[in-house]
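Here the structure is laid out as structure tokens; the discussion comes afterwards.
The values are calculated or read from the model by the stated rules, or taken from the named source; none is laboratory data. Just so we're clear, the structure is a prediction, and the values are computed from it rather than from any experiment. Backbone-built Cβ (ideal geometry, glycine too); neighbour counts: all protein chains shown. Surface areas here come from the heavy atoms of the whole protein model, side chains and all, with no ligands, DNA or RNA. Shrake-Rupley method; radii C 1.70, N 1.55, O 1.52, S 1.80 Å.
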Amino acid sequence: MPIMPHPDWLVIEDERFSSLVLPNGQLDSLWRGGRWCEGPAYFAAGRYLLWSDIPNDRIMRYDENDGHVSIFRQSSAFSNGQTLDREGRLVTCEHGSRSVTRTEHNGRINTLADTYEGSRLNSPNDVTVRSDGSIWFTDPSYGIDSDYEGGLRTSEMGCHVYCLTVDGQLHRVAEDFEKPNGLAFSPDEAWLYVSDTGATHRADGPRHIRRFRVEESHRLVGGEIFAVSDCGLFDGFRLDVAGNLWTSAGDGVHCYAPDGKRLGRILIPETVANVCFGGVSRNRLYVCATTSLYAVTLNTRGHHVIGEAIAPSEIRTASRT
């Protein structure tokens with residue numbers, strides 16, 4: 001049987017990438033009409049995706065069952081990064097309120113963090129939840145640099161990375177960033193990856209992803225550069241079950257192996273801000289690009305993020321008596 005050629009929107013740079021993508025796959029354009037689409041979070045129970053349209057101050061909702069798109073929340077306090085906690089509740093970084101919030105099952109929105117040692121946070125940007133329930137987030141200044149993605153305000157401190165433990169204590173875990181942005185854990189949670197997009201404010205500023213070893217008491221060590229972008233900036237990203245990192249970039253989505261080698265690219269006709277795995281088998285990669293939502297089905301599954309999709313093979317059905 002002849003080998004099917006890959007579509008022209010797939011760029012194979014390492015043969016390992018060929019096993020992660022489908023030669024007969026499609027790049028689906030699902031919706032268009034945003035200004036800066038960000039912060040995707042997938043809800044497995046309802047098979048829907050939420051994402052932020054930051055300048056339009058709203059959270060959008062895509063129904064995977066019938067393709068319907070609607071407004072989930074407006075105003076959204078200029079929401080940015082989002083994820084789910086261990087109980088399936090939405091955790092959101094809000095530029096407008098300069099806080100991290102949680103939407104309870106009854107719809108009430110509670111503030112989880114908005115200050116550190118008496119100073120206001122800048123504008124929490126991206127967030128992830130570890131299996132112990134701790135919430136990790138970045139706090140650059142993008143939401144207070146202008147009125148476009150929040151409100152023009154004066155920064156009260158530097159741009160750092162934080163961990164909110166289950167006892168409600170907020171810890172600063174990394175300080176040597178210019179503009180910390182996306183973050184995600186490796187599948188075994190031994191490593192934390194964090195991007196720095198300082199090049200937005202300084203021509204020769206950082207445009208890379210760093211990798212930290214996670215030790216006890218939520219302590220980070222190391223922080224070596226894992227990958228440097230050669231096209232735009234690395235913003236948000238996710239990891240698959242094998243530890244490959246799928247990250248946003250100026251020309252689409254770039255995939256990096258755990259050894260730091262770029263395996264390939266998915267070309268998108270807009271600058272990409274963030275990605276998220278979804279679908280019944282977690283093999284559907286949703287892509288938030290500048291004005292649009294895209295998706296592509298892969299030959300790998302996303303690492304199980306707390307509260308997000310669980311593949312059928314991982315579900316145990318209780319016996320009936």
Review point. In segment 99-109, is there at least one residue being more than 20 Å from W31 (Cα to Cα), in contact with a Phe, Trp or Tyr (Cβ under 8 Å, 6 or more places away or on another chain) and open to solvent by less than 20 Å² (accessible area, probe 1.4 Å)?
Key: yes
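Pick out, from segment 191-300, the strands (runs of 3 or more DSSP E) lying fully within it that include 1 or more residues that are touching a helix residue (DSSP H, G or I) at 6+ places or on another chain (Cβ under 7 Å).
Answer list for segment 191-300: 252-256, 262-267.
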Exercise for review: Considering (1) of a type in the set (G, A, S); (2) free of Cβ contacts under 8 Å to residues at least 40 places away in the same chain; (3) under 29 Å from L293 (Cβ atoms), say which one A242 fails and leave the rest.
Suggested key: (2)
Check your understanding: A309: surrounded by 24 or more Cβ atoms within 10 Å (Cβ to Cβ) and modelled with pLDDT under 95, yes or no?
Key -> yes
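Limited to segment 156-174, what total is found for residues that are in a loop (DSSP other than H, G, I, E, B) and hydroxyl-bearing (S, T, Y)?
The total comes to 1.
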Check your understanding: Can G158 be described as out of contact with any Gly (no Cβ under 9 Å at 6 or more places or on another chain), free of Cβ contacts under 8 Å to residues at least 60 places away in the same chain and at positive phi?
Key -> no
Check your understanding: Hey, I209 hits all of (1) open to solvent by less than 10 Å² (accessible area, probe 1.4 Å); (2) touching a His at 6+ places or on another chain (Cβ under 9 Å); (3) closer than 24 Å to G264 by Cβ; (4) not charged (D, E, K, R) but one; which does it fall short on?
Key -> (2)
Practice item. For segment 223-248, enumerate the residues that are surrounded by fewer than 22 Cβ atoms within 10 Å (Cβ to Cβ) and either at pLDDT below 95 or under 13 Å from the mean Cα position of the chain (by Cα) (or both). Key: D240
